[in-house]
Every structure is written in C-alpha cells, then in structure tokens.
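Note sheet for the following structure.
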C-alpha cells in the first residue's frame with residue numbers, strides 16, 4: 001500500500017487507510033516484535049497539529065522511527081480543547097476528551113499497522129490542577145480510559161456535559177486524586193511523569209511526595225532533562241522572576257543546568273531528597289516536540305533508554321516503572337550497564353542490593369559511545385561522576401522532613417576519566433570502569449552523571465564538574481546544545497542488614 005497523505009485528499013486518504021487497516025490487520029496490544037531483555041529508546045512527550053504542534057502524527061512517527069531510531073513514542077497532546085484537526089485545518093473548538101477518541105486514537109491505531117515493530121502510545125499532557133504539566137498514559141487498546149481521565153481531572157477541561165462523571169480539577173487535592181484514580185484503576189498499565197518540573201515553579205517537593213504516596217506504581221518519575229533543548233531559553237525555561245514564600249528570588253531554580261532541570265542538576269538537591277527516602281522516582285528525558293524551530297525531533301537529540309523484558313506495551317510500562325533506565329543528550333552514549341555487586345549478588349538501576357553491614361560493594365560501569373551523533377560529531381565522554389547518598393524511611397506528611405528539598409549526604413563519591421577506561425575498550429566501543437565501595441555501613445544509593453565537558457569550563461562547569469546555569473552562555477541554539485552533552489542514570493539502592 002502506498003501512502004499519500006498530502007494535498008486536499010489527506011483526510012480521504014487517512015480514512016481509506018483506516019478502513020484498510022480495520023479490515024485486514026488485528027492489533028492486539030502485545031503483538032509488537034520485541035525480543036526479551038533489551039534497552040528500548042523512546043520518547044513519551046510529543047505534540048502534533050491536534051493541539052499546539054506544527055506537524056502531523058505521521059511526520060512525528062516517521063522521524064522518530066525511520067530517521068532517529070526510536071523504538072517507541074507516546075502522543076502527549078495538551079488537555080483542554082482542540083481547535084485544529086490532524087492536518088492543521090481549523091475546526092470548531094472541541095473538547096480534548098472528544099478528540100482523544102475521535103481523532104488522535106485513530107491515528108495511533110493506524111500507525112501501529114504501518115510500524116508493526118514499533119510502539120505508539122496514546123497519552124495526554126495533563127494540565128495538573130494548581131501545578132503545570134505532566135505526561136499521562138494508559139496503555140490499554142482503546143482511548144476511552146485516558147479520555148475519561150482528561151475529562152475528570154484536567155484543569156483546562158471546563159466541560160460539564162457528562163453529569164454521570166464527577167470532575168475534580170481545581171485543587172492540589174484534585175491533582176492527588178487524579179494520581180490516586182490512576183493507581184486504583186490502572187496500577188500496572190499507566191504512568192504519570194511530571195513535565196519540565198521547575199519551569200514555572202509550581203511543583204514543591206511536598207507535592208511530589210503527595211503524588212508518589214498516592215500512586216507509587218504510577219507517579220514514578222519526572223523529566224530530569226526537559227524537552228525544547230534548542231530553544232533560545234534552553235528547555236523553554238525562560239520564565240520569571242519567581243520568589244519563594246519568604247520573598248527570596250528563586251528564578252535560578254527555573255533555569256536549566258547543562259540542559260537538566262534544577263531538581264536533578266544540583267547534587268544533594270530535590271531529586272536526591274526523594275532518593276534519600278528510598279523513593280522509586282526516576283529520571284527521564286524527552287523532546288517535548290512541537291516544531292523544528294525550538295525543538296529537536298523525537299530521538300534526534302534526546303533518548304530515554306528503558307530495559308524491557310518480554311513483548312508489548314505492558315512490558316514497556318513495567319520497564320519504565322522498574323527504574324532500569326538512563327537518559328542521554330546528543331547520543332553522548334548509546335549503551336550503559338551499571339551494576340553493584342557483592343559475591344554472587346548483583347543489582348542494576350532501579351534495583352536493591354542486599355548485603356551485610358560493612359561489606360565491600362563492587363561497582364561496574366560499562367558504556368558505549370556511538371561512531372557519530374545526529375550532529376555529525378563523534379561524541380567523547382570526558383568524565384563520569386559516581387554520586388552516592390544515604391537513604392532512610394519516608395518522611396511523614398506534615399513533618400519538617402516532608403518539606404525538605406535537600407539531601408546533604410549526597411556527594412560525588414568518585415570521578416572517572418579516560419585514564420580509567422582507555423585500556424579497557426573492546427572492539428565494539430564499550431568501555432569498562434570498576435570501583436570498590438569499601439566498608440559502607442548505612443543504606444546507600446548510587447547514581448551516575450556523565451558529560452563531554454571537563455572541569456572549570458568557562459560558563460559551563462565549576463571546579464567539581466557541576467553544570468552551571470545555562471544562561472551564562474547566552475541565547476541557546478542547536479550548536480550550543482550539542483556542545484554541552486550529559487547523561488544521567490537512575491540509582492541502585494544498597495540495603496545493609
């Protein structure tokens with residue numbers, strides 16, 4: 001079948017395609033050809049004409065899959081309303097819960113037939129009541145579940161035409177109830193991942209703890225690297241000024257640091273505070289693709305790698321929830337094996353290694369560097385930081401600890417440079433580093449951060465190699481983004497008995 005979705009016949013052609021697909025192809029949710037046990041590269045935050053994007057769903061899928069090698073993508077259009085059809089033609093303002101079912105889902109369903117070895121997920125970018133945005137998906141083989149969620153809980157959905165369904169979309173409590181609804185109804189098949197968390201300073205650490213408490217199997221992560229990485233204000237983080245409750249200027253928090261959100265970029269900061277309670281709360285990246293002016297195509301610059309065992313969409317969600325994943329900019333690396341072990345026991349990202357107090361833990365880091373990235377460069381890792389922090393019980397709501405957004409135990413435990421791995425390169429461009437963490441006597445987590453930049457790079461890194469605020473390099477663009485590359489791993493927890 002030859003596809004031609006151009007010109008005035010686009011809608012007709014899409015209808016013919018849909019009819020042909022419905023007549024000839026069965027689309028069970030687990031029919032995608034995915035082999036057991038491999039890392040899949042994906043992007044859960046993309047937009048099309050149906051809200052404020054400037055490309056079709058077919059354009060987005062083609063670039064993500066055929067041009068930039070992703071294994072899966074999710075559509076994550078804004079909740080509220082749609083004012084254009086799938087090809088950018090104006091339509092009467094229509095509630096988003098309607099177009100999720102009548103326009104977006106048919107596109108996702110049909111593209112699954114065109115790309116049978118890939119995965120396309122129907123999601124929504126939730127306007128979280130009293131906060132900003134989050135990507136939500138429910139990977140059932142129908143659109144009604146995510147449509148119902150949008151109707152009930154999206155802050156921009158003012159429709160009241162369905163009296164049998166209650167709306168709870170005006171308060172933080174309503175946002176928590178939305179997370180709890182996902183946990184109660186779709187604990188194994190949904191996700192709620194906070195988007196660009198510091199951009200408008202609407203998420204406090206206590207809010208994130210509320211979400212994770214209410215929905216531990218669903219509210220399991222955030223965009224540590226936001227999208228919009230080639231916008232003039234990197235990540236789209238050019239809002240402000242912002243002040244905290246005491247009137248202090250906190251605009252610096254609403255900026256990116258080496259392309260990362262402040263919550264993640266600061267060692268000992270908010271992400272470390274959550275990990276310091278042993279919370280399974282993971283770091284992801286995506287494109288937030290809207291257009292090619294300020295955004296890279298899905299997979300062109302940003303990739304989240306998730307370890308998936310088995311086949312199909314359920315395996316994908318299980319992999320994301322597991323924490324066995326890492327996030328990369330500019331294809332700085334395209335493979336990572338990060339483990340901690342003692343004797344015959346071993347754990348990787350998202351897992352817990354149980355050993356006796358005082359044991360030595362052997363850390364192995366293996367990473368692979370591609371021959372070239374999508375800028376035509378051969379990436380080079382300058383160094384990798386092994387970051388260690390202590391963790392304990394979860395803070396109780398209402399206590400001072402519940403509002404704490406730092407973890408002073410988190411530090412750079414070790415730094416590895418090319419001298420550490422040069423002699424251990426193999427023929428497939430894998431590099432290996434081994435390190436022994438000696439006599440650790442408290443519950444600990446380990447995570448990685450790597451970059452192409454050295455220490456004390458003017459306007460980019462400090463003496464410890466920490467990323468500086470991206471404002472220092474002036475107006476951002478694609479070239480500056482490709483000159484400043486990082487990857488982050490999710491943590492390994494070590495439980496000492």
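The values are calculated or read from the model by the stated rules, or taken from the named source; none is laboratory data. As the structure is a computational prediction, the values presented were derived from the model and not from experiment. Here the Cβ is made from the backbone with ideal geometry for all residues, glycine too, and neighbour counts use every protein chain on show.
Data for the structure
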{"read-out": "Matching residues, segment 120-136, being within 16 Å of the chain's Cα centre (by Cα) and either buried (at least 21 other Cβ atoms within 10 Å of the Cβ) or without any contact (Cβ under 8 Å) to a residue 60 or more places away in the chain (or both)", "value": "120, 121, 122, 123, 124, 125, 126, 133, 134, 135, 136"}
{"read-out": "Hits in segment 442-479 - residues which are touching a helix residue (DSSP H, G or I) at 6+ places or on another chain (Cβ under 8 Å), more than 26 Å from residue 420 (Cα to Cα) and in contact (Cβ under 8 Å) with a residue 40 or more places away in the chain", "value": "469, 470, 476"}
{"read-out": "Long-range neighbours under 7 Å by Cβ, at least six apart or interchain, first residue free of Cβ contacts under 8 Å to residues at least 24 places away in the same chain within segment 139-163, second surrounded by 18 or more Cβ atoms within 10 Å (Cβ to Cβ)", "value": "162/151"}
{"read-out": "Positions within segment 235-250 being within 30 Å of residue 299 (Cα to Cα) and either assigned to a loop (DSSP other than H, G, I, E, B) or out of contact with any strand residue (DSSP E or B) (no Cβ under 7 Å at 6 or more places or on another chain) (or both), in sequence order", "value": "236, 237, 238, 239, 240"}
{"read-out": "Pair list, Cβ under 8 Å, 6 or more apart: segment 389-401 residue free of Cβ contacts under 8 Å to residues at least 24 places away in the same chain, other residue in a loop (DSSP other than H, G, I, E, B)", "value": "401/395"}
{"read-out": "Any hit, segment 73-96, residues being buried (at least 19 other Cβ atoms within 10 Å of the Cβ) and part of a helix (DSSP H, G or I)", "value": "yes"}
{"read-out": "Pick from segment 343-375, criterion without any contact (Cβ under 8 Å) to a residue 40 or more places away in the chain and either buried (at least 16 other Cβ atoms within 10 Å of the Cβ) or not in a loop (DSSP other than H, G, I, E, B) (or both), ranking: nearest to the chain's Cα centre (by Cα)", "value": "346"}
{"read-out": "Which numbered condition residue 150 misses (of (1) surrounded by 21 or more Cβ atoms within 10 Å (Cβ to Cβ); (2) within 18 Å of the chain's Cα centre (by Cα))", "value": "(2)"}
{"read-out": "Helices (runs of 4 or more DSSP H) wholly inside segment 117-234 containing at least 3 residues that are within 29 Å of residue 275 (Cα to Cα)", "value": "172-185, 205-214"}
{"read-out": "Long-range neighbours under 8 Å by Cβ, at least six apart or interchain, first residue within 12 Å of residue 276 (Cα to Cα) within segment 402-416, second modelled with pLDDT under 95 and not in a loop (DSSP other than H, G, I, E, B)", "value": "none"}
{"read-out": "Residue match in segment 424-441 (condition: touching a strand residue (DSSP E or B) at 6+ places or on another chain (Cβ under 7 Å) and free of Cβ contacts under 8 Å to residues at least 40 places away in the same chain)", "value": "yes"}
